[in-house]
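Worksheet: the structure to be examined is printed underneath.
Nothing in this text is a laboratory measurement; each read-out follows from the coordinates by a stated rule. Keep in mind it's a predicted model, so treat the numbers as computed, not measured. Please note: Cβ atoms are built from the backbone with ideal geometry, for glycine as well, and neighbour counts cover all protein chains shown.
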Amino acid sequence: SEGSTTAPARLLTDFVSTLPDDELEMTLDSATQSLNLRCARFDTHIKCIEAEEFPPGPKPDEGDRLEVALEDLVRAVEQTQMAASTDEARPVLTGVLVQVQGGSLTLAATDGHRLAVRKLAAAGSSDLDASLIVPARALAELSRVLKGEPGKVEVIISKARNQVFFRAGSSELTSRLIDGKYPNYAQVIPSKSSTTVRVSTSELTQTVRAVSLFARDSANVIRLKAQAGALTLSATTNEVGDSKAEMSANVDGSDIQIAFNARYVLDALGVIGEDEVELLFDGPLSPGLMRPPGKEHYLYVIMPVRVAMS
């Protein structure tokens, strides 16, 4: 017969994840609210509470609705949420700014050291103009739940502008919004560049990973030097040693030496999603910009680190 109960989520998922790849049988004793799990050599009982005790989730009202391609939204979340801050002292920066305007959806996140911005098309939003700050953790969970699913995602913004609902197939996610004013991120996006570097994404990723091993004890700082036909990466730690690697690259404009936090560079390279990446610089003290070559739907701005250059 059918039944329902309220189980401790963390215990249940953690336990099931440790079980062997075998058939799992679950039986509920409705009288004692005990959930019996049997799998291979395991016979386990988890104490639960009545299903009616589970608090009902909020229901979307007749708020503003729009629709986006599920795969595009999942990708956009992956490309932005890692740039959000984890410092609760500035709650606004722990969220991702979601802007709806003119039939498009823009996600932006920054922690003050880097900025990620992704644009995608949205149906049913041509007359809608809204800005929401969604907790980055909620969007990361949304991406995890929806990844691999086909179709569209319906996004519903509550009339009170304090909640957002995501619905795709049988999956739903509701999140409260962060109250506050998001900083004007557009003003930190470089408007010009004096050096453009185009290089293999996989080769640059491998090189940064290797060289940054020698930057762990020096604030994770790596140096980049771009000159005709080559991009050189280096890192030095007095107690550990140093490493330098030169890779071929298409370099246009002025030679430059600049330094960045290696982790921030790797975060962007991991989500660029293209065979090549374009790096734009306007001097060693101005923000650098990373983006897929020839495309404007995604950009990643990273603040340089002031260090002595050789």
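Net charge in the neighbourhood of LEU35 (other residues with Cβ under 13 Å of its Cβ; Lys, Arg +1, Asp, Glu -1) is -2.
If R0 equals 45 Å, the separation of the Cβ atoms of LEU12 and ARG161 corresponds to a calculated FRET efficiency of about 0.85. Rounded to 0.05, the FRET efficiency of the THR237 and GLN206 pair, given R0 = 22 Å and the Cβ-Cβ distance, is 0.65.
On the beta carbon distance between LYS295 and ASP217, with R0 = 35 Å, the FRET formula returns roughly 0.40. Taking Cα atoms only, the orientation of helix 70-80 departs from the longest principal axis of the chain by about 50 degrees.
Charged neighbours of VAL199, selected by a Cβ distance under 9 Å, balance to -2 (K, R count +1; D, E count -1). A straight chain from ASN36 to LEU266 at 0.36 nm per residue would run longer than the Cα-Cα distance by 78.4 nm.
Counted residue by residue at 0.36 nm each, then reduced by the alpha carbon distance between them, the extension gain from ARG198 to HIS45 reaches 49.3 nm.
Neighbours of THR5, meaning other residues whose beta-carbon lies under 12 angstrom from its beta-carbon, give a summed charge of -4 when Lys and Arg score +1 and Asp and Glu score -1. Note on segment 157-211 and segment 62-90: Cα centroid distance 7 Å, given to the nearest whole angstrom. Ordering of 260-266, 214-220, 97-103 by packing is 260-266, 97-103, 214-220, highest average first (other Cβ atoms within 10 Å, averaged per residue). Remark: segment 154-281 carries a charge dipole of roughly 580 debye about the Cα centre, counting +1 on each Lys and Arg Cβ and -1 on each Asp and Glu Cβ. Within the straight-line cut-off of under 25 Å between alpha carbons, the lysines reachable from LYS119 are LYS147, LYS152, LYS159, LYS181, LYS192, LYS295, sequence neighbours fewer than 8 places apart in one chain being disregarded. Distance between the 7 Å Cα→Cβ label points at HIS113 and MET26: 4.0 nm. Extension gain, GLU53 to ALA186: 0.36 nm times the residue separation minus the Cα-Cα distance gives 43.3 nm.
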